[in-house]
1. Counting only residues that are of a type in the set (S, T, N, Q) and over 17 Å from Ala109 (Cβ atoms), which one in segment 44-89 is modelled with the highest pLDDT?
2. If you go through segment 227-254, how many residues are free of Cβ contacts under 8 Å to residues at least 60 places away in the same chain and either in contact with a strand residue (DSSP E or B) (Cβ under 8 Å, 6 or more places away or on another chain) or not hydroxyl-bearing (Ser, Thr, Tyr) (or both)?
3. Tell me the residue from Phe104, Phe108, Phe205 that is open to solvent by 30 Å² or more (accessible area, probe 1.4 Å), aromatic (Phe, Trp, Tyr) and part of a helix (DSSP H, G or I), please.
4. Give the number of residues within segment 255-291 that are of a type outside the set (A, V, I, L, M, F, W, C), more than 27 Å from Arg177 (Cα to Cα) and free of Cβ contacts under 8 Å to residues at least 40 places away in the same chain.
5. For Pro168, which of the numbered conditions (1) loosely packed, with under 14 Cβ neighbours inside 10 Å; (2) modelled with pLDDT of 85 or more; (3) of a type outside the set (Asp, Glu) fails to hold?
6. Could you count how many residues in segment 47-94 are of a type in the set (Val, Ile, Thr), in contact (Cβ under 8 Å) with a residue 40 or more places away in the chain and buried (at least 21 other Cβ atoms within 10 Å of the Cβ)?
7. Looking at Leu54, is it part of a helix (DSSP H, G or I), more than 18 Å from Gln42 (Cβ to Cβ) and out of contact with any Asp or Glu (no Cβ under 7 Å at 6 or more places or on another chain)?
8. Just wondering, is there one or more residues in segment 146-157 that are at pLDDT 90 or above and part of a helix (DSSP H, G or I)?
Amino acid sequence: MANRKRPKRRRTRRHPRPPAGPQAYVRQVIGCLERICRRSGQSPHTVYADLVNLTEATLQRLPDQVIAAGQTGRFAPDPPAIAERFAQVKARYRDRFDDVWTDFAQAFALLLDASAPGLAAYADGSPGMGPDILGGVFQQWVNPTGRGGQVLTPWNLGLVMARTLTGPTFEREIHDRLKQALTHPDNLLGHAALLTSAGIEDPAFAWDWFMQTLVPVALPYLSPITVSDPCCGSGALILCHAACCPVYAVQTGLVKYFGQEIDPLLQMTAAANLLLYGLNGFGLRLTAAAQVAGAASGQGPDSPRQAIRLIERQPVEISPAQPTFYDRFVAARR
């Protein structure tokens, strides 16, 4: 009897299972990056740097892409600076680019999932590491020996330090500065909005009025509370401080964060972390973009992951000729 050939099983794209806890996210992201190292022969430092580079660039474009996807059904072309960053990464992995990009897309998706609960979920401390997934990958995989003195601050220690700066009067200071901006002599809309709010009794409507009207008309005249870390590393201490602040304050830019870092890679890591958690008004930009696109009402997305899901729910046409960051990412996720 002749041997029959077994039909080849159709290979399906693997998507990472949802991890349980920050450390599990770190392990899965490292798994994606290790596959890229094996496929490309690049070093962990280079592959991690490319992930951070792509993450920061992709998030910078997220509000504009939410609008473009909702209004036109296509992604907007990348500006020259972003397109050049994408081209540099593509050139490094040109021999295995499609496979490598799938791994980068999965790692990026894991970062989005990890950041979705927000910093408030870690404000009471964590038995393990905190929400700085990128910092965890750097510390455990890129530089596990702490060479050059690069040892990142533990999350719980950072919370203790942050609480010394965010005492019981901190939110009162935020409200006082907001009121000063609304009552600025040149802010006529602020005066009108503040007077109108005095007659609002429904708590839910009052909150929407605060977020959608009072804060936006105050921002042009606002003197925000600024917090600076002169040696920010991956931005862990900044995240600790933001976790101790009201969520609306850090997402709308009522509190703004700045950092300095001698290592360009960690500097870029900190910038990516600020975007992942919606700091410095990035959360407000996402909400505004979703409302302009007609994809959300009320507060809109409160995390980059929700904004990405708004895009994925749109019937967006992917351009095969000149793919943008988002063309590649959405194609890898489908």
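1. Of all residues in segment 44-89, those of a type in the set (S, T, N, Q) come to 46, 53, 55, 58, 60, 65, 71-72, 88.
Restricting the remaining residues to those that are over 17 Å from Ala109 (Cβ atoms) gives 46, 60, 71-72, 88.
Values: Thr46: 96, Gln60: 90, Gln71: 82, Thr72: 81, Gln88: 89.
My answer is Thr46.
2. So in segment 227-254, the residues free of Cβ contacts under 8 Å to residues at least 60 places away in the same chain come out as 228-232, 238, 248, 251-253.
Okay, now just the ones that are also either in contact with a strand residue (DSSP E or B) (Cβ under 8 Å, 6 or more places away or on another chain) or not hydroxyl-bearing (Ser, Thr, Tyr) (or both), so 228-232, 238, 251, 253.
Residues in segment 227-254 being free of Cβ contacts under 8 Å to residues at least 60 places away in the same chain and either in contact with a strand residue (DSSP E or B) (Cβ under 8 Å, 6 or more places away or on another chain) or not hydroxyl-bearing (Ser, Thr, Tyr) (or both): 8 in total.
3. Matching residue, one of Phe104, Phe108, Phe205: Phe205.
4. Result for segment 255-291: 3.
5. Condition (2) is where Pro168 drops out.
6. Summing the residues that are of a type in the set (Val, Ile, Thr), in contact (Cβ under 8 Å) with a residue 40 or more places away in the chain and buried (at least 21 other Cβ atoms within 10 Å of the Cβ) in segment 47-94 gives 4.
7. Numbers: part of a helix (DSSP H, G or I): yes; more than 18 Å from Gln42 (Cβ to Cβ): no; out of contact with any Asp or Glu (no Cβ under 7 Å at 6 or more places or on another chain): yes.
No.
8. Checked segment 146-157: no residue is at pLDDT 90 or above and part of a helix (DSSP H, G or I).
The values are calculated or read from the model by the stated rules, or taken from the named source; none is laboratory data. Every value quoted in this text rests on a predicted model; they were computed, and no experiment measured them. All Cβ positions, even for glycine, are placed from backbone atoms using ideal geometry, and neighbour counts span all protein chains on display. Protein only, heavy atoms only, side chains kept; ligands, DNA and RNA dropped before computing areas. Shrake-Rupley method; radii C 1.70, N 1.55, O 1.52, S 1.80 Å.
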